[in-house]
Each structure stands twice: as C-alpha cells, then as structure tokens.
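The next block holds one structure in the form of structure tokens; read it before the comments.
The values are calculated or read from the model by the stated rules, or taken from the named source; none is laboratory data. Bear in mind that the values here come from a model prediction, so they are computed numbers and not experimental data. Cβ coordinates were reconstructed from backbone atoms using ideal geometry, including for glycine residues, and neighbour counts include every protein chain displayed. These accessible areas exclude ligands, DNA and RNA; they are computed on the full protein's heavy atoms, side chains included. Shrake-Rupley method; radii C 1.70, N 1.55, O 1.52, S 1.80 Å.
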Amino acid sequence: MNMPRPMDESYKMLIGGKWVGAGDGKTLKSYCPANGEYLASFPDATKGDVDAAVKAAWAAFDSWKRVSAQDRAALLLKIADLIDANRDKLAMIEALDNGKPIRETANIDVPLGSDHFRYFAGAIRAEEGEAVMIDDSTMSLILREPIGVVGQIIPWNFPFTMAAWKVAPVLAAGCCTVIKPSSTTSLSLLEFAKILNEVLPPGVVNIVTGKGSQAGQFLLDNEGFRKLAFTGSTEVGYEVAEAAAKKLIPSTLELGGKSANIFFPDAPWDKAIEGVQLGILFNQGQVCCAGSRVFVHEDIYDKFLAECVKAFDRVKVGMPWEKDTVMGSQVDERQLEKILSYVAIGKKEGAKVACGGERATGGGLEKGAFMKPTLLTEVKNGMRVAQEEIFGPVAVVIKFRDEKEVIDMANDSEYGLGGAVWTKDINRAFRVAREIETGRMWVNNYNSLPAHAPFGGYKKSGIGRETHKVILDHYTQMKNIYISLSEAKLGLY
Amino acid sequence: MKITSETPVEDIVGIPGAVQYFVERGVSPVSCSGAFPRTLGRLLEIKEVADPELFIAGLDAAFGAPGGAGGGREERER
C-alpha cells in the first residue's frame, strides 16, 4: 500500500483564534521516519509569536473562567465527539509523523484522547466546594478558581494523546493555554487545532510550534504564565522546573523512567509473555514508563525467556500505515543511533543479545529508522543498560530469587514512574506493588493509561499526577472566603 | 562548525555518529523532548560530566573542525 497523505501541505499556528505563520516567515519541515518522505511544513515561532499567544490567552481568560461548569463540560464533550468523527484522519497523520503503527494510533492514541475530554467533562460536573462553620458565627468557604494562563510543552512519543492529557484538564479547570508540541511531531496537534478552533472561543487554546531551543525557550522565559506543565526528559525537566521556580510559579513534570516488569512463577503465562511485549514494544519502546527491565523468577527463567524470544522474533516490523504492522519505525535516525549505541554498550558490559539487537532492514525498511525487537540477557542491575533510559524496543532481562531481591533491584534506580508485577497471588501482588517506589504499578497488565487512574512519577520521574481529576488541583488555586456573621465588635480596639 | 560549550545541542545531534559519542560517555543528548534544547555546556553541567572540556574537545575533534566528519552534514529539521 502506498503511503497515504491525509495531512495538509502546510500548517499554521493557532493564536487568538487565527491561523498565523511565524513572524519572520520561517518554517520547519516534518518527515515520515519510516521512509524519509516529506510530509508538511509548519511555522518556527519567534519570541513575538509566543508573546502574542500569551497575550491572546489572557484576553480570553476573563470570559472563559466565567463559563459555567455545565457549559464547559458540553464543549469538552463536543470536542470528544469531533475527535471520534475524525479518528481515522488524526490516527493516520499521527502514524506518519511519528512512525508508530496505525493499529495503535487508531485504536489507542486517538480514542484515549477523546476519552480524556469526556472524563474531565464528567469530573467538573461532580465537583463541589466545601463549607464549614468554624464557630457559631463564622463560616469558611473553600472554592477552587482557575489559575490563569498556563504554558505547556509536550513530547514526540504520544503527540496527540499528550495534547489531550494537557488540554482537557486546562479547559475543564477554566484556564487558557499556550501549548507547544515537539518540533519532531507537530502535525497531529495542528490538525487537532482545527477542531479546537471550531468549538472554543478564540484564545482559549493557542498553539505555537518550533524548535525547543527557540519556541520552547521563549515559552519558558515568558513572564505571562501562572503555571508550566511539561512531559519529556528528566534533563529538560530540570530546565522547566528552574524556569518555573524563577517566576515563583508551580510546574508539573512527567519525566523519564526505567521501569521494572516483574514476573513470578504463577504469572498468567500467555498474558505474561504478551506483557513483556506490551511493556517494551508498544510504541516501539518509546514510552516513558516502558517496562525496560524485565525481572523473571529463577524457577521459570529459561522457559520464559525462550518464549519471549520467539514472541519478539514473530513481531512484524513494518510501515506505519499498514494495518498488519505491529511495530513501526523509531521516531528518527538520532533516536535509532542512541538505541544502537546502548546495545553496543550492553555488549561491552557483558550482556548477550537474545534476539534483535540491530537495525531492521529488508522489505523496504532500509530507508527508515527501524529497530528489531531486542532482549539483552546476562545483565546485572547496575549496568548502564539497566540503569539508563534507552527509549527503544530494548529490554534487559534479569533473573531474581525472591520478593526482597527483586524489590531491592527494582528500587535501585533514580527513576520511579511505572512498573508491574505478574502473579495470581493477590497478597504478593499488593506486597510488591506497595514496596516499589513508583507512581504506577500495574498488576497483570502493562501500559494501560486510561483517564480515571492517576499517572505520574516518584523520584526523578517527575512531580504531579495526570489522567485523573487530581490534576485539576494543579490548574486551580484554592480560595478561602472567611465570613463573620456577627455584627458585634470584637472589643480589641 | 567549531563545537564549543556554547554550541546548541540541536546543532550537533544531526551529525552522524555524534549521538553515539555522547551516549558512550554517559550523556544522552536526545530524548522524547527531542534534542536537548540548550547549549552543550548546560547539558554537560546537568549531567555532571567530570571533565566537560575534554568531552567538548573530543567532540569538536571528531565532528566539528573543518575536514571532520561533521562538516557539511545534512540536517533535516524535525
């Protein structure tokens, strides 16, 4: 099947409800990493463009914050319906720009996105403040008020879904936003912007595009934000946190990981083998919470590993637009170079390649950034390949003896984002899940990231939680109204 | 291009082999955020590289100086 071309030839930014190019006319180009073909151009924002976006957001804020929860919820639901109506187009654009397979974008990325808007529409209708009588003549009311205009930066691994994670709660909370996608994968958000512009008042959502060092830095430097939100690497997370701290504004950060996917002898077998694949092959392993350290109990190690190798070797690596492709390409050559570098490092450290370990070629894949599903064995938890985020379809497999040993190894990481325990013993599942220092522990599943379950990291994996109504606390401020019902003087003065 | 501590990382990572150089020395210049969006010096500071000058000198010798592997490299804006 030839590569489809559902995207526009060129896109503009959305600022104040208008489609605008960069102030100096500069553009960037997007390419499909599966074959190197040019897709579309989009603006490389100037500082003036980012300033204009912030100004437009503030101009919209005073009206938007007064929209009732009922009316905001209705708009969120309308956005969700339009996402679903445009699912196929959004999914294909995402697949081509990112390299991930259409079976994932159409069945997971885009539907997760629309569901986010539905979830938050429901969450705000159920919200209530608090009222208490401090004493017989004093009442205290607690209300939540929108924090204002926020700045948001999202990564290239789940561009559309991350946009939904960021925009849905912003709208729900009554805030306005300036959001910047990665310059690697800007197209799906720019396409989605057409839906947002159809539904929302001008200026409520503004989208600026461009390089991290330019548009991204202009956004971090802008004094007009009341909060920053970022999903990306821990290294850049430091920059975002510092930018927020200098302005004395809060930031929420969802950062990197090196999560432990732990298999006990009584794991549901076939589901567990799939669980290894889900943990590290979903999205070509380009997932912050990827199960990149696979811990297997010594009693089942040999048989389990052998079956995982067969399962990995069966995975069809192919063009992202083809329906039977299970794993697409990495997002670009630089990421692939990083992944291959780590495989080489692993070998130098003493690891063995059980399967994969090299570029995938043949069958037309030579022009793209394709990697074979890879398992590294003979790995010790202290090796670089077990400690550092590779961000590709490469998992290390480590044997363990008992709960204490695997818990210690799982926690021996600077990260704490995801992880899983596979067992039919509910007591063991809870013991292990509670002992591992991570924000999300899956039990007998992996990489399920729906709304309604909070997601976020411990340690260097970030600050704050998303995908749950708790994020509304980050986009609002607490107002206390303290009322004296007495008309008598205190007698102090 | 001479590579110094002020060189944007974005300008370096497109050079074939440069990412490998970084990773071999314990620094990841690319991530889900794309290329690190600040200077080489800032990245090495965050990663607490013990001898940043040595790192930069090696990178410049391999990829930055005229006649090095980095001269005239193709860069696709992503």
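Restricting the calculation to Cα atoms, the stretch A:351-493 shows an Rg/Rh of 1.24 when the hydrodynamic-style radius is the Kirkwood one.
Here the accessible area of the stretch A:18-101 is 51 percent carbon and sulfur, with a 1.4 angstrom probe and all protein chains present. Using alpha carbons only, the radius of gyration of the stretch A:220-260 set against its Kirkwood radius gives Rg/Rh = 1.04. Set against the 2.2 N^0.38 Å expectation for a compact globular protein, the stretch A:136-254 has a Cα radius of gyration ratio of 1.14.
For the stretch A:261-324, which trypsin sites (Lys or Arg not before Pro) are in a loop by DSSP, counting at most 15 other Cβ atoms within 10 Å? Of the trypsin sites (Lys or Arg not before Pro), the ones in loops of the stretch A:261-324 whose Cβ has at most 15 other Cβ atoms within 10 Å are A:Lys316, A:Lys323.
Among A:Leu189, A:Leu141, the order of accessible area from largest down is A:Leu141, A:Leu189, computed with a 1.4 Å probe on protein heavy atoms.
Pairs of Cα atoms nearer than 8 Å and 6+ residues apart set the relative contact order; for chain A it is 19 percent.
A:Arg401 sits with roughly 130 Å² accessible to a 1.4 Å probe, with DNA, RNA and ligands left out of the calculation. For the stretch A:110-172, applying the loop criterion from DSSP together with a ceiling of 10 other beta carbons within 10 Å to the GluC sites (Glu not before Pro) yields A:Glu128. Chain A against chain B buries an accessible area of about 2900 Å², both chains summed, 1.4 Å probe radius. The alpha-carbon positions of the protein assembly as shown define a convex hull whose volume is 177 Å³ per residue. Averaged over the residues of peptide B:2-11, the number of Cβ atoms from other protein chains lying within 10 Å of each residue's Cβ is 1.
Think of a 1.4 Å ball rolled over the protein heavy atoms: the protein assembly as shown then has 39 Å² of accessible area per residue. Spatial offset of the stretch A:256-334 relative to the stretch A:365-428 amounts to 10 Å, using the alpha carbon center of each.
For the pair the stretch A:30-54 and the stretch A:430-475, the centres of their Cα atoms are 32 angstrom apart. For the cross-link pairs A:Lys47/A:Lys211; A:Lys310/A:Lys348; A:Lys29/A:Lys211, the ones whose C-alpha atoms lie over 21 Å apart are A:Lys310/A:Lys348.
The solvent-accessible area of A:Asp8, taken with every protein chain present and a 1.4 Å probe, is close to 50 Å². Figure note: A:Arg359, A:Arg5 ranked by solvent-accessible area, largest first, 1.4 Å probe, ligands and nucleic acids not counted: A:Arg5, A:Arg359. Per residue of A:209-218, other chain Cβ atoms within 10 Å of the residue Cβ number 4 on average.
Listed by chain and number, the lysines placed with their C-alpha closer than 17 angstrom to that of A:Lys460 are A:Lys258, B:Lys47; residues fewer than eight positions away on the same chain are left out. Residues of the stretch A:112-156 that bury at least 30 Å² of accessible area once all protein chains are present, compared with their chain alone (1.4 Å probe, heavy atoms only, ligands and nucleic acids left out), are A:Trp156. Max-minus-min Cα coordinates of the stretch A:238-353 on each principal axis give 55, 35, 33 Å, with the largest extent listed first. Taking the 0 to 90 degree range and rounding to the nearest ten, how far is the long axis of helix A:69-85 tilted relative to the main principal axis of chain A, both from C-alpha atoms? That helix lies at roughly 30 degrees to the long axis.
The average projected area of the stretch B:6-66, computed from the convex hull of its Cα atoms over all directions, is 3.8 nm². Here the peptides A:226-238, A:22-34 are ranked by packing, the mean other Cβ count within 10 Å, and the order with the highest first is A:226-238, A:22-34. With helices as the sole contributors, chain A gives -11500 deg cm²/dmol at 222 nm; each DSSP H run of n ≥ 4 counts as -39500 (n - 2.57), and the sum is divided by every residue. Count, for each residue of A:331-343, the Cβ atoms from other chains sitting within 10 Å of its Cβ, then give me the mean as a whole number. For this peptide, the per-residue mean of nearby foreign Cβ atoms is 5. To the nearest ten degrees, helix A:301-314 and the longest principal axis of the Cα atoms of chain A are 80 degrees apart. Of all aspartates and glutamates in the structure, the ones whose alpha carbon falls short of 15 Å from that of A:Lys271, not counting any fewer than 8 places away in one chain, are A:Glu307. A:Lys424 contributes about 150 Å² of solvent-accessible surface, heavy atoms of the protein only, 1.4 Å probe. Computed over the alpha-carbon pairs of the stretch A:55-94, the distance histogram in 5 Å steps reads 6, 20, 16, 16, 16, 14, 12, 1 percent, short to long. Normalised by 2.2 N^0.38 Å, with N the number of residues, the alpha-carbon radius of gyration of the stretch A:286-335 equals 1.47.
Rolling a 1.4 Å probe over the protein heavy atoms of the stretch A:175-263, with every protein chain left in place, gives an accessible area that is 54 percent carbon and sulfur. Against the criterion of solvent-accessible heavy-atom surface with a 1.4 angstrom probe, A:Met7, A:Met139 sort, most first, into A:Met139, A:Met7.
What a 1.4 Å probe finds exposed on the stretch A:354-475 is 49% carbon and sulfur by accessible area, rounded to a whole percent.
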